[in-house]
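These notes concern the structure reproduced below.
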Amino acid sequence: MRDKVKFCEICGNVAEQSTCSICRDPRRDAGVICVVEEAKDVVAIERTREFRGLYHVLGGAISPIDGIGPDELRIRQLMQRLADGTVTEVIIATDPNLEGEATATYLSRLLTTLEIRVTRLASGLPVGGDLEYADEVTLGRAFEGRRVVG
């Protein structure tokens, strides 16, 4: 398995060939890229069957304590992918923790210079959860991301 598994030359996802099956799929919307931290995040999103665009795997998140800055991530490759003007939206889907938020903030500031719509995945209360167990940040985000019913 170790000999067969590689990283996709385009998105950084795991692959058995030079490009992954998602990047090779012509039915995917090449105008939307979802930026994730790790390949396991691609698997989680794909299980929902809700996203039909492409991905970009950063290979981690900005973490100054661990010595990981923007140069250690695949941000340069992302900017190269966006240069041709094909992409109209970038969805930032980093983890809702300190490192993920730092990475999302860095990316959103970097991408505002381009004429691309930049969105962030909503975060809030999990289905089946109890309000009393939610932390303040999660509960606050749930209020920010509320939507009209009916």
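In region 117-150, which residues are in contact with a helix residue (DSSP H, G or I) (Cβ under 8 Å, 6 or more places away or on another chain) and under 17 Å from Gly100 (Cα atoms)?
Hits for region 117-150 are Val118, Arg120, Ala122, Ser123, Gly124.
Applying the selection to region 1-19, what residues are in contact (Cβ under 8 Å) with a residue 60 or more places away in the chain and either aliphatic (A, V, I, L, M) or more than 21 Å from Thr119 (Cα to Cα) (or both)?
Correct list: Ile10 only.
Residues Ala93, Ala122, Ala104: which one is touching a Lys or Arg at 6+ places or on another chain (Cβ under 7 Å) and among the hydrophobic types (A, V, I, L, M, F, W, C)?
Only one candidate qualifies: Ala104.
Report the residue count in region 123-147 for those that are assigned to a helix (DSSP H, G or I) and of a type outside the set (Lys, Arg).
11
Can Gly128 be described as in contact with a Lys or Arg (Cβ under 9 Å, 6 or more places away or on another chain) and either at pLDDT below 85 or under 20 Å from Gly12 (Cβ atoms) (or both)?
no
Pull up region 1-19, narrow it to residues that are assigned to a loop (DSSP other than H, G, I, E, B) and either of a type in the set (Val, Ile, Thr) or within 14 Å of the chain's Cα centre (by Cα) (or both), then point me to the one that is surrounded by the most Cβ atoms within 10 Å (Cβ to Cβ).
Per the criteria, the residue is Cys11.
The values are calculated or read from the model by the stated rules, or taken from the named source; none is laboratory data. Because the structure is predicted, anything quoted here is derived from the model rather than measured. Note: ideal-geometry Cβ built from the backbone for every residue, glycine included; neighbour counts use all protein chains shown.
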